[in-house]
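Bear in mind these aren't lab numbers, they're just calculated from the coordinates by the rules spelled out. In this text the structure is predicted, and so the values were computed from the model without any measurement. For neighbour counting, all protein chains shown are included, and Cβ atoms are generated from backbone atoms with ideal geometry for every residue, glycine included.
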Amino acid sequence: MQANKIILQHKYARIVSLFAEHMGISYEQALGMFYDSKTYELISEGIADLHCMSDEYLVDELLLEYNKRDATS
């Protein structure tokens, strides 16, 4: 299922804001990291209806994704 594009944009903004807060980074840095993430790719493609998950859940997924990236670097 595909979500309304405007609603998705609002969701992305909330996710990026929470992600920046959790990571202690600027909104701009968080935005770049979000758009480069596999999590964003899955949300935007409507995979597994991730857009239906809470903002907090998706931020946790981003944190896990970036922690995993750091561990393999």
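From helices alone, the chain scores -23000 deg cm²/dmol at 222 nm; the rule is -39500 (n - 2.57) for each run of n ≥ 4 DSSP H residues, then divide by the residue total. By the beta-carbon count within 10 Å of each Cβ, the least crowded to most crowded order of Phe34, Phe19, fewest first, is Phe34, Phe19.
Rounded to the nearest 0.05, what FRET efficiency do His22 and Ile47 have when you use their Cβ-Cβ distance and R0 = 30 Å? The pair His22/Ile47 has a calculated efficiency of 0.85. What percent do you get for the relative contact order of the stretch 15-72 when only Cα pairs under 8 Å and 6+ apart count? Contact order relative to length: 36 percent.
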